[in-house]
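What follows is a single structure, and I will ask about it in a moment.
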Amino acid sequence: MTIWYTYIAEAINIRYRTIVDPDIAIGTVVTSFKILTNESDDDFIEDLIDSGSFDGISGLNAFRSWYQDPANGIPMADHYMYFTGYVMV
């Protein structure tokens, strides 16, 4: 599983590095990688699931609250991503 997400992160990095503009250079660095393995860890999104999908805005708001909670151990960054396996509507 780690290899898959490493591939995704590198694909994003390559996309940004190929932007042609002499005034900027953009790159990405993975500062933290967390796979939620305990059922209780993903309560922030599970509560929103209905028939395999969830409302996108509600999901993003729940994720924002989750990663900003110091108890979850997510370091400060300027960009966050999460993958759920659910359909976002």
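Every number in this text was worked out from the coordinates using simple rules, so none of it is lab data. This structure is a prediction, so every number in the text was calculated from the model and none was measured. Positions of Cβ are generated from backbone atoms using ideal geometry, with glycine treated the same way; all protein chains shown enter the neighbour counts.
Using θ = phi - 60° and the Karplus relation 6.51 cos²θ - 1.76 cosθ + 1.60, list the HN-Hα couplings for segment 42-52 in order, rounded to whole Hz, with x at every Gly or Pro.
Each residue of segment 42-52 in turn: 9, 4, 4, 9, 4, 5, 9, 6, 9, 6, x Hz.
Could you point to the residue in Trp66, Ala11, Met81 farthest towards the positive end of the chain's charge dipole, with +1 and -1 charges on the Cβ of Lys/Arg and Asp/Glu respectively?
Farthest towards the positive pole: Ala11.
Dipole of the chain, Cα-centred, from +1 at each Lys and Arg C-beta and -1 at each Asp and Glu C-beta, to the nearest 20 debye?
Dipole size: approximately 420 debye.
Any idea what angle helix 2-17 forms with the longest principal axis of the chain, computed on alpha-carbon atoms, 0 to 90 degrees, nearest 10?
Approximately 40 degrees, to the nearest 10.
Please identify which residues in segment 1-42 have an amide N closer than 13 Å to a label point set 7 Å out from the Cα of Thr84, following the Cα→Cβ vector.
42
Shifting gears a bit: From the Cα gyration tensor of segment 37-89, with a ≥ b ≥ c the square roots of its eigenvalues, which class applies: rounded if a/c is under 1.5, or else prolate if a/b is larger than b/c, or else oblate? Don't skip to the end; give the middle numbers.
Numbers: a/c = 2.14, a/b = 1.51, b/c = 1.42.
Prolate.
Same structure again: Could you compute the FRET efficiency for Phe33 and Ala71, with r as their C-beta to C-beta distance and R0 at 22 Å, rounded to 0.05? Don't jump to the answer; show the numbers that get you there.
On the way: r = 18 Å, r/R0 = 0.83.
The pair Phe33/Ala71 has a calculated efficiency of 0.75.
Where does the longest stretch of the chain lie that holds no chymotrypsin sites (Phe, Trp or Tyr not before Pro) found in a DSSP loop with 15 or fewer other Cβ atoms within 10 Å?
Result for the longest clean stretch: 34-79.
Turning to a different aspect of this structure: Enumerate the amide H contacts of Ser53 below 5 Å, restricted to partners 5 or more residues apart or on another chain; note that Pro and chain-start residues carry no placed amide H.
Val87
Another one. Using a 10 angstrom cutoff on alpha carbons, build the Gaussian network for the chain and name the most mobile of Leu48, Leu60, Leu36.
Leu36
For segment 56-70, just list the computed ³J(HN,Hα) in residue order, Karplus coefficients 6.51, -1.76 and 1.60, θ = phi - 60°, integers in Hz, with x standing in for Gly and Pro.
The phi angles translate into x, 5, 4, x, 5, 5, 5, 5, 4, 4, 5, 6, 7, 6, x Hz.
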